[in-house]
1. Do any trypsin sites (Lys or Arg not before Pro) in region 101-201 lie in a DSSP loop with no more than 16 other beta carbon atoms within 10 Å, and if so, which?
2. Can you tell me the orientation of helix 594-606 relative to the chain, as the angle in degrees between its alpha-carbon axis and the longest Cα principal axis, to the nearest 10?
3. Treating only the Cβ of Lys, Arg, Asp and Glu as charged (+1, +1, -1, -1), what charge dipole size does region 150-253 show about its Cα centre? Round to the nearest 20 debye.
4. Modelling each spin label as a point 7 Å along the Cα-to-Cβ direction, I'd like the K175/D391 distance in nm, to one decimal.
5. Restricting things to alpha carbons, tell me how big region 151-293 is in terms of Rg and Dmax, in Å.
6. Given only helices, namely DSSP H runs of n ≥ 4 each adding -39500 (n - 2.57), what is the per-residue ellipticity at 222 nm of the chain, to the nearest 500 deg cm²/dmol?
7. In the structure displayed, which of K99/K423; K276/K587; K399/K587; K92/K631; K76/K360 lie more than 30 Å apart, Cα to Cα?
8. Can you match Cα extents along the principal axes in Å to one of these, (i) 84, 69, 53; (ii) 90, 55, 51; (iii) 116, 80, 57, based on a calculation from the structure here?
Amino acid sequence: MNQVQTIAFRLLVASLVLLCFVGEMQAQTPSSQESKKPADTKPDQKKAEEDPFAPAPAPPLPAGMTGSDANDPRAKLTAGWYDAGEISKGLKHLQLFKKPDAFQLDSTDPNNPKVQKTLGLMGITDTSKMPKSFQLVMAQLAFANSDIAFQGNHLFQGNFYGMNIFDISNPANVKLVTSMICPGGQGDVSVYKNLMFMSVEQPNGRIDCGTQGFPPGPPPAAGEEKKPRLPAPQKDRFRGVRIFDISDIKSPKQVAAVQTCRGSHTHTLVVDPKDKNNVYIYVSGTSFVRQGEELPGCSGEAPDKNPNTALFRIDVIKVPLAAPQDSQVVNSPRVFMDPGTGKLNSLSSGGSHGKPEEQKPTDSDQCHDITVYSALGLAAGACSGNGIVLDIKDPVHPKRLDAVNDPNYSYWHSASFSNDGTKVVFTDEWGGGLGARCRANDPNKWGADAVFHLKDNKLSFASYYKLPAAQADSENCVAHNGSLVPVPGRDIEVQSWYQGGISVMDFTDAAHPVEIAYFDRGPIDPKMLVLGGDWSAYWYNGHIYASEIARGLDIFELTPTKFLTQNEIDAAKSVRVAELNVQNQEKIEWPRQLVVAKAYLDQLERSQALTADRIADLRQAIQSAESSHMKQSELAKLKGIALALEKSAGTTKNATDATRLQALAQILKRPNG
């Protein structure tokens, strides 16, 4: 979720508590941090602005564009909380672990006293002009599940109210290890050895993790009601990155709290291969800049008024592993700057779709998410109006290598590299995650993935991918977080789409990405948008785990279909990692096992790169080697076959198949089992 839209800003000007999270959003105005004056609107448009979460059908499709399929079975699922209709293809749902009670609003009734109590704790005291549906969504957001990380047999699930740690040693029977109450949102987490990091951005965050927030400021003076006001400075407020010692997994201990001017909407763990004593955190802040009275040096002014503005930058935290309590911000790189002229605000969205004011180009002054690929020395940043590529060989001083924009993109949200680093998948969080953006009349180029080629550190557009199935008017849905599925020989990503569920996409052919598996539920409520759905969906050591915003934690496993064989699934399961922080992307290495060879063979059969007879002979040779317990005579036969495959790789016309043939040959030369 990202920074606030003009509509939401006007509704929450008294508190700015949720400045960073409300849907269909517009970038902060650098010079004043105020929303622009709304344009004149028609009566029906004005009504929608007054109640932005009231379900409404999408407007007609723009000329030449297509939408999602309303005839897909996912479009007709029954509504419900824990009893909603479900459907899947190529995925088996193993478990839904329901949210612990402390993390539940436990109501879909906007008139429930819990809603007002929750808003009050967040500093929102005057709700008289706030639509009931809006109040409900804001209260639900206070307990929303967010991003997840993994270490060993533990899963760490962030939440706007704190975090939960699970034992996933048995993925079909996940168990809660501990819960930690620590409000402040978003609560995105990452882990490294004995340390856990948590993003905090909301103004109700406290250094001591207290739940009481802060008292509301005095009411505005007459005539100042519509003017945005920053929260009063508080010495105990915390917005930045918390650092915990998790040596005792049942009792995390906060050892540091690094303050930043805009807080931390998300963060990225960066491991420098040349530095064994420290790790680094890239901090992406998308909220308002706090006053200098609260954190010295902070300024939200435009660059021409204050060249030290906290806008148009990210922050880099250095974490000494032997003394994490000494962690501090060591640089604030100007990743939006023109290195030739020194102009800080040199990147622009180029304009987008939507209302007239949204079609105008706007300066990009923030990154929402940064994915680093340290093995390549690169990072891909999704930075509001732009997708960017960074050189991170010196992690303290990242340098921009390229930047792109797209008029079909509303808000560049996140990024993933292909394993070989030749492609980047960016996501567009049109609607901010709180809007229904997968309806039949929502264009499939808006709120979608954009697949880019990456060559010589330059991006070139290849195609879009959007969830194929139309979703209901009451389902928040747009492209969100995902990770690679380590199937050798293919580029596959599992991805969350909020109440659109989970979609597994094959983007091996960057120009023609296709869906190969999915899971979906019906809307929580058919008549009102109730915030829910999968925030993140990640593959980890053989299973897919999804952080469900409202319900809890989903666990899945892949099942074979015509699009994905059992051998390919087993090959993916052969890859094991000790930790997974998805935004710190690590290079996938497959073991030289015959199950991996069989996956390549299935792919070569699917693409018809080898004749049917040759496929059959190869399968027989592999089976003979396995049944003989890898006798030397059978291994010698495999080695002979490998030499012939290398020759075939040199003559095949398809580069992807040539790579598969080479990889298959390497395994057959020296299989490990």
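The values are calculated or read from the model by the stated rules, or taken from the named source; none is laboratory data. Note that the structure is predicted; figures quoted are calculated from it, not measured. With ideal geometry, Cβ positions are generated from the backbone for all residues, glycine too; neighbour counts draw on all protein chains shown. The protein model used for the area step is the full one, side chains on, heavy atoms only, and it has no ligands, DNA or RNA in it. Shrake-Rupley method; radii C 1.70, N 1.55, O 1.52, S 1.80 Å.
1. Values: sites: K114, K117, K129, K132, K175, K193; in loops: K129, K193.
Sites meeting the loop and neighbour criteria: K129, K193.
2. 90 degrees
3. Working: 12 positive and 9 negative charges, 34 e Å.
The calculation lands at about 160 debye.
4. So the two model labels end up 5.1 nm from each other.
5. Gyration radius and largest Cα-Cα distance of region 151-293: 17.4, 60 Å.
6. Working: 9 runs with 105 residues, N = 673.
The helix contribution divided over the chain gives -5000 deg cm²/dmol.
7. Values: K99/K423 36 Å; K276/K587 18 Å; K399/K587 22 Å; K92/K631 37 Å; K76/K360 37 Å.
Over 30 Å apart, Cα to Cα: K99/K423; K92/K631; K76/K360.
8. For Cα extents along the principal axes in Å, the calculated option is (ii).
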